[in-house]
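The values are calculated or read from the model by the stated rules, or taken from the named source; none is laboratory data. Note that this is a predicted model, so its numbers are computed, not measured. Cβ placement follows ideal geometry from the backbone for every residue including glycine, while neighbour counts extend to all protein chains displayed.
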Amino acid sequence: MFGKTNKKTNIKDLAKKLNLSVSSVSRALNGHKNISEKTREKILKLAKKYNYVPDPSARRLASKKSDTIAFIATTTPKAPDFVLLEFLTGISMGIKDSNTEFIVKLTLSEKDEINYYEKLMRTNQADKFVFYKTKKNDPRIAMLKKNNINFVSWGRAKNEKGYAWIDMDNHKSIELLMHRLLTFGHKKIALINVHQSFNYGYQRKIAYEKMLKKNNIVVNKDYYQESLTATAANGISLTKLLLDLNNPPTAIICSLDKFFIGCLQECKNQNLVVGKNISVVGYNDYDYYLSSQNLTYISHPLAQMGTDSVNILKKIENGYHPDEVSKLIEPILHEGKSDGPLKN
């Protein structure tokens, strides 16, 4: 009949029809763990029947939370991080079917980064955070825990407990590359690494030295090089330093894609055929040039990790302890022809 309108079903209507409290219905609809599966299914079935759609404005008003994820990071213009873009795409995919908002802020200094965290918390513009490049002793973890803010760190601090993280198994990734090189007969293996102030750099260095000792190979301090700045230029200079040694390595592991690119360039500059005169392996997640060159490298599913970070935040909001939802990602080894048997 013309003029007749259908009343929109709200959460109070659902609760009344189910003879349940509004809070119970809300917890079930939002995936809280303290609702029985039988009750949850009953509520979800009725919500679907009446085409119930939550009102995001009402939810924010009732919870006094903005339902906004913020990602804040310090970047270096000379070393743009293309890996980050895929991770952020994954976060965007994780919230695409929800009312959650997403803020991305890139700063030029760590001081500005911390100040922006404080601003968003003070003004309640964001109520949950994701961050990366986690340091061994990371002040962001203590700050967010102190303010009872939900967050996920991409990477782990060295000794901090009781927070949610997602990270690749850095120890295993180095073990995979080292095992391959050792099987090929290499003993003079170098590592060009990200600086140890980042915990994943520290983890990779520890794993590298552990594998050498496990195989009765003396750790040569000249074979270990690291840099704070992730550029191909640094990859070139550090590779040159290694190859100019009186007793140069026969194999090089590059801990970052850009170091990998620089290392390949310097080997070419010195007329070394990669995979024959020298073995070069590393890490690669974003650069299709590297993927197309039939190289040996480690990767991890960045977009999926971004989406997983969103799911971890949801679980924390629904009552899970951060220690229950943290996730260690298996490294993926791609076997190419940039490494091979040691040439005598």
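General remarks:
- Screening ILE312 on (1) at pLDDT 95 or above; (2) out of contact with any helix residue (DSSP H, G or I) (no Cβ under 6 Å at 6 or more places or on another chain); (3) surrounded by 14 or more Cβ atoms within 10 Å (Cβ to Cβ); (4) not acidic (Asp, Glu) shows it passes everything except condition (2).
- Residue under evaluation PHE259, criteria (1) in the same structural domain as ARG204 (by TED's automatic domain parsing); (2) without any contact (Cβ under 8 Å) to a residue 40 or more places away in the chain, criterion not met: (2)
- ASP97 vs. criteria surrounded by fewer than 19 Cβ atoms within 10 Å (Cβ to Cβ) and either closer than 28 Å to HIS195 by Cα or of a type in the set (Ser, Thr, Tyr) (or both): no
- Taken over the range 35-90, the residue count meeting the criterion of being buried (at least 16 other Cβ atoms within 10 Å of the Cβ), at pLDDT below 80 and β-branched (Val, Ile, Thr) is 2.
- Single condition ILE298 does not satisfy, out of (1) out of contact with any Cys (no Cβ under 7 Å at 6 or more places or on another chain); (2) outside any strand (DSSP E or B); (3) not charged (D, E, K, R): (2)
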